[in-house]
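Asks: Submitted below is the structure of interest, expressed as structure tokens.
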Amino acid sequence: MCGRATLTTEELESVAEAVEAAFSPADAELYRPRYNLAPTDLHFIVRNDDGLRVLVPAKWGLAGKAGPLLINVPSETAPEKFKSAFATRRCLVPVDGFYEWTGAKKTKHPIWFHTPNRSIFLLAGLFEERDAGQVSFTILTTDANRLVGRAHDRMPAIIPLDKASEWLSTPTPCLLTPAPEKVLVATEVSSRANSVTYDDPWCLVGWKPGGSER
């Protein structure tokens with residue numbers, strides 16, 4: 001599962017450089033750092049455009065058939081249940097972290113999973129484009145590794161940067177496996193991240209049991 005994420009880089013140009021993608025200056029005006037990215041929010045994905053890797057704005061969540069918004073899709077079933085998208089509309093979702101929650105229902109607190117140096121990494125996704133040109137996406141999930149498994153039994157499928165072109169050019173299920181534990185670290189952060197109302201750097205301050213937070 002992956003229902004919230006972060007991408008705290010200040011400028012889209014820096015994101016593009018990190019993921020080796022081009023972007024439109026007009027799209028850069030839509031970008032802002034995200035500390036608590038949620039479903040239905042506007043984000044950016046990397047897609048293949050005639051052999052060129054490009055960053056484009058897209059809303060998080062595919063419209064399900066008479067069902068809820070699809071923010072995650074199990075990678076194990078995607079090749080069959082989303083055959084067209086898996087074959088022709090694969091994408092990468094740049095983030096620098098994602099949240100899961102632990103604890104009892106009324107006292108749950110967020111765990112922020114990120115790389116040790118808080119760098120950008122890429123999640124496997126699928127996208128669709130409506131007649132009006134609006135792009136939306138979903139994130140592919142896989143079994144959790146032991147680190148993420150302490151909070152949830154699923155995790156987003158992480159595509160290494162050196163495999164990005166392979167994923168964008170070829171439907172490759174073998175890339176959709178749990179990331180090695182050393183790829184991520186877990187940090188307990190502020191309960192401020194519990195609410196989508198808050199999307200600011202204070203979401204990532206340290207969590208203190210019974211303590212006060214902003």
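Rule-based calculations on the coordinates, nothing more; no lab input. Everything quoted here is computed from the prediction, not taken from an experiment. A quick note on method: Cβ atoms are made from the backbone with ideal geometry, for glycine too, and the neighbour counts reach across all protein chains shown.
Asks: When both residues are 6+ apart or on different chains and their Cβ atoms are under 6 Å apart, which pairs have a first residue that lies in the range 165-179 and is within 14 Å of L92 (Cα to Cα), and a second that is hydrophobic (A, V, I, L, M, F, W, C) and exposed (fewer than 13 other Cβ atoms within 10 Å of the Cβ)?
Replies: Sorted first by the residue in the range 165-179, then by its partner, the pairs are P171/A87.
Asks: Residues in the range 11-46 that are touching a Cys at 6+ places or on another chain (Cβ under 7 Å) and of a type outside the set (V, I, T): how many?
Replies: Of the range 11-46, the ones touching a Cys at 6+ places or on another chain (Cβ under 7 Å) are 35-36, 45-46.
Filter once more, so that each one left must be of a type outside the set (V, I, T): 35-36.
So the count comes out to 2.
Conditions (1) touching a Ser or Thr at 6+ places or on another chain (Cβ under 9 Å); (2) surrounded by 21 or more Cβ atoms within 10 Å (Cβ to Cβ); (3) closer than 18 Å to A124 by Cβ, marked per residue:
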{"site": "E17", "(1), (2), (3)": "no, no, no"}
{"site": "L30", "(1), (2), (3)": "no, no, no"}
{"site": "L55", "(1), (2), (3)": "yes, yes, yes"}
{"site": "P79", "(1), (2), (3)": "no, no, yes"}
{"site": "F82", "(1), (2), (3)": "yes, no, yes"}
{"site": "A85", "(1), (2), (3)": "yes, yes, yes"}
{"site": "T88", "(1), (2), (3)": "no, no, yes"}
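Asks: Please find, among V73, V95, V46, the residue that is among the β-branched types (V, I, T), crowded, with 19+ Cβ neighbours inside 10 Å and over 27 Å from N117 (Cα atoms). Spell out the reasoning first.
Replies: On the way: V95 fails: over 27 Å from N117 (Cα atoms); V46 fails: over 27 Å from N117 (Cα atoms).
So the residue among V73, V95, V46 that is among the β-branched types (V, I, T), crowded, with 19+ Cβ neighbours inside 10 Å and over 27 Å from N117 (Cα atoms) is V73.
Asks: State whether one or more residues within the range 38-49 are over 18 Å from F137 (Cα atoms) and not hydroxyl-bearing (S, T, Y).
Replies: For the range 38-49, residues over 18 Å from F137 (Cα atoms) and not hydroxyl-bearing (S, T, Y): absent.
Asks: Please enumerate the residues belonging to the range 115-126 that are crowded, with 19+ Cβ neighbours inside 10 Å and more than 11 Å from the chain's Cα centre (by Cα).
Replies: L126
Asks: Does the range 153-194 hold any residues that are in contact with a strand residue (DSSP E or B) (Cβ under 7 Å, 6 or more places away or on another chain), under 21 Å from K108 (Cβ atoms) and buried (at least 18 other Cβ atoms within 10 Å of the Cβ), and which are they?
Replies: Across the range 153-194, the qualifying residues are R154, M155, P156, L184, V189, S191, A193.
Asks: Are there helices (runs of 4 or more DSSP H) fully within the range 1-115 with at least 1 residues that are in contact (Cβ under 8 Å) with a residue 40 or more places away in the chain? List them. Outline the logic, then answer.
Replies: Numbers: elements: 12-19, 25-28, 78-81, 83-88.
Counting at least 1 such residues, we get 12-19, 78-81, 83-88.
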